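Below is one structure; the comments refer to it alone.
Quick note: the coordinates plus some simple rules give every number you see, no bench work behind them. Keep in mind the model is a prediction, meaning the values are calculated, not measured. Here the Cβ positions follow ideal geometry from the backbone for every residue, glycine too, while neighbour counts run over all protein chains shown.
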Amino acid sequence: MSIFFVQLLTGIAYGMLYFMIAAGLTIILGVMNVVNLAHGTLFMLGAYIAFSFISNELNFWLALLLSVFCTAICGVILEKLLIKYVYGKELEQVLLTFGLSFILADTVEWLWGTEMKTLPVPGLLDGSISFGDTAFPIYRLFVVLFGCLLALLLWYLEARTRIGAIIRAGVDDREMVGALGIPVGFVFTGVFAFGAGLAGLSGVLGGPLIGMYTGMDSEILVTSLIVVVIGGLGSWKGSLIGAVLIGIIETLGKVWFPSLSMLIVFLLMMVVLIIRPNGLLGREVA
Amino acid sequence: MKKLRRFKASGLIIIALLLFITGCSQTRSSSGNGKKGGESDTIKIGFILSQTGTFAPLSDGILNGFKLYLEEHDGKLGGKKVQIKVEDDEANPQVALRKYRQLVHSEKVDILVGPISSSVVYALRDEVEKDKIVLIDANAAGDDLAWSKKSDYVYRTSFSNWQNGSSAAKYLANNIGKKAVVMAPDYPAGKEVIRAFKEAFKAAGGEVVNELYPKLDTNDFAPYLQETAALEPDLIYAFFTGSDGIRFVTQYKEFGLQGKIPLGGALEFGDELITQPTGEAAEGIIAGINYSPNLDNEINKKFVKAYQQKYNKLPNIFSVEGYDSATILDKAITEAGSTESAKLIKILKGISFDSPRGPITIDPETNNPIQNFYIAVNRYQNNAIVPEVIETVEKVTMPKTSPFE
């Protein structure tokens, strides 16, 4: 039984990681209607930037903050230079962000090399707790905790702050918000930066868990897209549920049905879409 | 519309930038007018390597090693100037065949080096036989290349899965324990390494009480580690490469097995590619390696120094594979006096040379390198893992025909 419990916890930890990156993707999608296929590469960039900081003797937490800051800045640059020209044009968005993901991924390879790397678990969290006869790494519990905190933060921002209200309004009716004198362009840049920062954050937190290697960006992008679809486009709450579900099913699947584990995840997506075509918590897309 | 014009302008700028960047990268691989045939002054060497995905660092290592040798020898092999053309097979046999035809029929390369993946080398082997062109296998470790798929035109400078799996078995059985659990990913290389280990371990009096084969790209090895720990074996022997290897080693520590159950590994667990990112977690692993930057011989000392100076990092087994491929070609072309395949293969069969790994002889029965393996324990010193050699297994070979058919 303890094998099941350990795997469940691991699944939740991976789920929280997927939630963190999917949240950024879904917020950008929901607020700005932009499909950002470069999101996985921003995740990768966050991890590699943190790696550089940590290699220069910086402490994990500081590196984390700086990485998030850097990826958010990247987000601002990308939005101002490229993304804002393709609002409303879905095909152009897909082509642009997909191409961006290749360019960014190759830049990462060029700057940091192709060897596999890991981010070290910060000293405070480097250890294991014993559950009966197994040890469970503390870091994974931390990831679960962090995911919950992030969910709390998002809820607070959305429900209790003015910016949250503006964003909710912007999702519902962009023109009206603009007519009220609120600088929508400014808000959008901010949202994109926030999403990018979230991607970078999950990259740093995911580093000690899944490692850093070429190709990690496309793998995580596929998973986060599935999470966003299952959860509902634009709904971060849906992403939370979807991500944890996927994390658990994927991890348990790899243990008990190893040859079917990817299939099970796609099956889940199919089932959800059949029952609720807009995702678990999605709304009718206008 | 101003916005549209601005978008078109930035679009044109981006296209121009991209063309500029791709133009720059073309200078990496040179194209030229080297004549095919034996007696000209330049040789064209074609590389078929996997430069995308997790094989990328292996390809980089091989190219770095090969280029270092060229630099040390004035850009020449066998007295002839060398031009290199590198193609990416994306670890896909179909793509590899396409690139092969490009290299051999369009570019008219004289000799081929590569590939990384065994599935690709099996696909290339028949073509190479047909076109009568020499292929130096710088990495692919599939056993069948020495047995049912042996070819007079293919010579391996890396090692075989058999050698990798069997080298440490006797030491482990005699010094650590006779009851082992084995683990490897569920794919041909994993199965081949484990079956070689099992044969050698049994021959030394050991018993494999369980075999586990997690899928490639497993996130979490906890269930396998737990199941293993419950059996209370004397040791665990594992073969994992790439990010799987890093995750396995890290989780071995995270789930509390490091220090409790001895971990024996194939050469990957003692190689820089895995020990560098895993650091402390790799401490204590006993691996049967065939190379370490700390090997104490003159050639290696010079090699490591030159490699560090040129590339600013330590060489790993893949760097040596590249370096040795250049060494073997240099020697063969010099002795044959030409790059004609018929003359080269006469020399390549049974050729001997000195490598940073130690002395190497190509076994004429298998076209596989007979080389030393070293039983090494990973020690953590000065923030790095240093494999400490405790025993040398000299002249490790492989059987002339498959013992499994």
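Converting phi to 3J(HN,Hα) with the Karplus coefficients 6.51, -1.76 and 1.60 and the offset θ = phi - 60°, region B:395-405 yields 6, 6, 10, 9, x, 6, 10, 5, x, 10, 10 Hz in sequence order, with x at every glycine or proline. Could you let me know the centre-to-centre spacing of region B:236-307 and region A:164-212, using Cα atoms, in angstrom? A separation of 43 Å, based on Cα centres. The A:I275 and B:K130 beta-carbon pair, evaluated with R₀ = 51 Å, returns a calculated FRET efficiency of approximately 0.35. Compute the long axis of helix A:138-160 from its Cα atoms, compare it with the longest principal axis of the Cα atoms of chain A, and write down the angle in degrees, 0 to 90, nearest 10. On a 0 to 90 degree scale, this one is about 20. Among beta bridges identified by DSSP and lying wholly in chain B, the antiparallel ones come to about 45 percent. Remark: mean inter-chain Cβ contacts per residue of B:242-255 equal 4, using a 10 Å Cβ-Cβ cutoff to other protein chain atoms. Using R0 = 25 Å, the C-beta based FRET efficiency linking B:N383 and B:K260 works out to 0.55. Residues with beta-carbon under 12 Å from that of A:A23, excluding A:A23: net charge, scoring Lys, Arg +1 and Asp, Glu -1? Here the count lands on 0. In order along region B:275-280, phi translates into HN-Hα couplings of 6, 5, x, 7, x, 3 Hz, rounded to whole numbers, per the Karplus curve 6.51 cos²θ - 1.76 cosθ + 1.60 with θ = phi - 60° and x for Gly and Pro.
In the Gaussian network model of chain B, springs joining C-alpha atoms below 10 Å, which of B:F221, B:F47, B:F269 carries the largest mean-square fluctuation? Maximum among the listed residues: B:F221. Residue exposure proxy: B:V128, A:V34, ordered by other Cβ atoms within 10 angstrom of their Cβ from fewest to most, comes out as B:V128, A:V34.
For an R0 of 45 angstrom, estimate the FRET efficiency from the Cβ-Cβ distance between A:M176 and A:M262 and round to the nearest 0.05.
Numbers: r = 43 Å, r/R0 = 0.96.
About 0.55, to the nearest 0.05.
Counting only alpha carbon atoms, the long axis of helix A:162-172 and the longest principal axis of chain A meet at about 70°. Note on chain B: GNM, Cα springs under 10 Å; of B:F197, B:F240, B:F55, the largest mean-square fluctuation is that of B:F55. In the elastic network of chain B, a GNM with C-alpha springs shorter than 10 Å, the most mobile of B:G165, B:G114, B:G245 is B:G245.
Helical content alone sets the calculated 222 nm signal of chain B at -13000 deg cm²/dmol, taking -39,500 (n - 2.57) per DSSP H segment of four or more residues and averaging over every residue.
Share of pairwise Cα-Cα distances greater than 22 Å in region A:134-286 is 51 percent (whole percent).
Exposed loop GluC sites (Glu not before Pro) only (DSSP loop, at most 13 other Cβ atoms within 10 Å): please give the longest stretch of chain A free of them, not including the sites.
My reading of the result: A:58-283 is the longest stretch.
The local environment of B:Q226, defined by Cβ-Cβ distances under 13 Å, has a net charge of -4 under the rule Lys, Arg +1 and Asp, Glu -1.
Once you sort the root eigenvalues of the Cα gyration tensor of the protein assembly as shown as a ≥ b ≥ c, which label holds: rounded (a/c under 1.5), prolate (a/b larger than b/c) or oblate (the other case)? Let's see the in-between values first.
Numbers: a/c = 2.22, a/b = 1.42, b/c = 1.56.
It comes out oblate by the Cα gyration axes.
Where both partners of a DSSP beta bridge lie in the protein assembly as shown, what percent of those bridges are antiparallel, to the nearest 5? Before the final figure, lay out each step's value.
On the way: 28 of 59 bridges.
Roughly 45 percent of the beta bridges in the protein assembly as shown run antiparallel, per DSSP.
Under 11 Å from the 7 Å Cα→Cβ point of B:I13, by amide nitrogen: which residues of region A:60-95? In region A:60-95, the label zone of B:I13 (backbone N under 11 Å from the point 7 Å along Cα→Cβ) covers A:81-82. Over chain B, the Kirkwood radius and the radius of gyration, each from Cα atoms, give a ratio Rg/Rh of 1.01. Net charge in the neighbourhood of B:V113 (other residues with Cβ under 10 Å of its Cβ; Lys, Arg +1, Asp, Glu -1) is -2.
Close amide H contacts of B:V113 (hydrogens built in the peptide plane, cut-off under 5 Å, sequence separation of 5 or more or a different chain): B:G46, B:F47, B:I48, B:I136. Here the 3J(HN,Hα) profile of region A:26-35, calculated from phi with Karplus coefficients 6.51, -1.76 and 1.60 at θ = phi - 60°, is 6, 5, 4, 5, x, 7, 9, 6, 10, 8 Hz, Gly and Pro shown as x. Between helix A:184-210 and chain A there is an angle of about 10 degrees, using the helix long axis and the longest principal axis of the Cα atoms. Classify region A:1-122: rounded, prolate or oblate, from the alpha-carbon gyration tensor (a ≥ b ≥ c, eigenvalue square roots; a/c under 1.5 rounded; otherwise prolate if a/b is larger than b/c)? Oblate shape, in that a/c is at least 1.5 and b/c is the bigger or equal ratio. Each part gets one Cα centre, and for region B:69-125 versus region B:320-390 those centres are 18 Å apart. The tail of the calculated P(r) for region A:2-217, taken as Cα-Cα distances beyond 26 Å, holds 39 percent of the pairs.
Shielding of B:212-218 by partners, i.e. mean partner chain Cβ atoms within 10 Å per residue?
Going residue by residue through B:212-218 and averaging, the value is 3.
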